[in-house]
Every structure is written in C-alpha cells, then in structure tokens.
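One structure is given below, encoded as structure tokens.
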Amino acid sequence: MENNPKAITVVLNSIKYKSGQRSRNAIVRTVAKIIVHEKYTVAGGNVENDVCLLKLSAPVTLKPVSLPAARCNSKDYIGKTATLSGWGQTTPGPRRPGQESNTLMQVRLTVMCNIQCQEKYKNQLTKISNSEICAFGETKGSCFGDSGGPLVVGGVLVGVVSGA
C-alpha cells in the first residue's frame, strides 16, 4: 500500500477530476497523514482490510455522511439496489494507467449474498470474508481506478470499493 502522503491529492465537491476542469466550487487538499488499517494484510493473493484514513492538510466543511448502524452487516442489504461511484476505467480489460474517467461515473448494482458472489466469480476472486459486501451488475461494475469509492444503499454508505 502506498504510504506517501505527498503522492495523494484529494478532490471534493467536483464531478471532474483533472486540474483545470474541476467545478468552480471544488475543494482540493493535500494529505498530511495516512492512517493504515491496523489489520491490513496481504497473504496468498488475498488482501484484507485494505482501507485507510487520510488526514487532510486543512479541514473541510461538507454535508454529513450517513453510516450504517454498528449492528448492520452485508446480509441486511441483500437484494437491495446500491449505487457505486468512481473515476475508474470505463472499459473492461487490463489496467491502463491514464485511462481513468475524468468525469465521476456511477452505476446501480444489486447487493448479493457473499456465497452467491463467491460462486459467480470463483475464477476471478479470492475468498470473500464476512467483513465484505458484494454488489453485482449484469454489464457494468467497478473497474481499475474505482478503488476507495463509495457503495451506497438508500443514502447510507455500506461499503468501499476494493479489488477493482
């Protein structure tokens, strides 16, 4: 995992990512510190807890975010429609740096149970843990560059894209 705060720029309040094309109200911050999940591990091609917090160089004021109650788990969302958004590649295939979208994209997916997901993607995925949530679309989904993006059900953040 990249652990160099100077290598990361955070863009908020804009659907355009590239400098010079961002919204007039865009907020751009550098990162002062990266806080890696204490249980982050990579073993045998399986990545666990690949999430971190970014301490920004200066505070920002935005609308509050809704988070699920601590008692919720991925089973609470099975069959529900989720919205995933990101600036990743818009065509499938191998990773092509520089081919990410400049416009924030979104796709609607259906949350599925992890056992069903494991079976559907058995040739593409490693083991899915109970701390993960799986969302599926017939022809669209996440791609390279979408990692870290939100997965939202009914206005509540239920997941973060990983392994895209």
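FYI, it's all coordinate maths here, none of it is from the lab. Bear in mind that the values here come from a model prediction, so they are computed numbers and not experimental data. Positions of Cβ are backbone-derived with ideal geometry, glycine not excepted, and every protein chain shown enters the neighbour counts.
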The chain, helix-only ellipticity at 222 nm - DSSP H runs n ≥ 4, -39,500 (n - 2.57), divided by all residues, nearest 500: -1000 deg cm²/dmol
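Using just the alpha carbons, could you tell me how many Å³ per residue the convex hull of the stretch 5-56 encloses?
Values: hull volume 5.5 nm³, N = 52.
For the stretch 5-56, the hull spanned by Cα atoms encloses 106 Å³ per residue.
For the stretch 5-56, what is the charge dipole size about the Cα centre, in debye to the nearest 20, if Lys and Arg each add +1 at the Cβ and Asp and Glu each add -1 at the Cβ? Don't skip to the answer; put the middle values down first.
Working: 9 positive and 3 negative charges, 100 e Å.
Dipole of the stretch 5-56, to the nearest 20 debye: 480 debye.
Any idea what the dipole of the chain comes to, in debye rounded to 20, about its Cα centre with Lys/Arg Cβ at +1 and Asp/Glu Cβ at -1?
Numbers: 20 positive and 10 negative charges, 102 e Å.
Computed about the Cα centre, the dipole is about 500 debye.
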Virtual spin-label span in nm between GLN106 and VAL42, 7 Å along Cα→Cβ: 3.3
Between the stretch 100-164 and the stretch 1-41, the Cα center-to-center distance that results, in Å: 21
Rounded FRET efficiency, nearest 0.05, which uses the C-beta distance separating THR83 from ASN123 and R0 of 25 Å: 0.40
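Considering only DSSP states other than H, G, I, E and B, which GluC sites (Glu not before Pro) in the stretch 1-90 qualify as loop sites with at most 12 other Cβ atoms within 10 Å?
Numbers: sites: GLU2, GLU38, GLU48; in loops: GLU2, GLU38.
In loop regions of the stretch 1-90 (DSSP not H, G, I, E or B), the sparsely surrounded GluC sites (Glu not before Pro) are GLU2, GLU38.
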Spin-label model distance (nm) - ILE8 vs SER57, 7 Å beyond Cα toward Cβ: 1.4
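Need one word for the stretch 74-160: rounded, prolate or oblate. Basis is the Cα gyration tensor (sqrt eigenvalues a ≥ b ≥ c); a/c below 1.5 gives rounded, then a/b vs b/c decides.
Details: a/c = 2.05, a/b = 1.33, b/c = 1.55.
Because a/c hits 1.5 or more and a/b fails to exceed b/c, the stretch 74-160 counts as oblate.
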Reachable lysines, given that their alpha-carbon falls under 28 Å from the alpha-carbon of LYS33 and they are not under 8 places away in the same chain: LYS6, LYS16, LYS18, LYS55, LYS63
Residue among LEU109, LEU53, LEU151 with the largest mean-square fluctuation in a Gaussian network model of the chain, springs linking Cα atoms under 10 Å: LEU53
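Rg/Rh for the chain to two decimals, with Rh computed the Kirkwood way over all alpha-carbon pairs. Let's see the in-between values first.
Working: Rg = 16.4 Å, Rh = 17.3 Å.
Ratio value, two decimals: 0.95.
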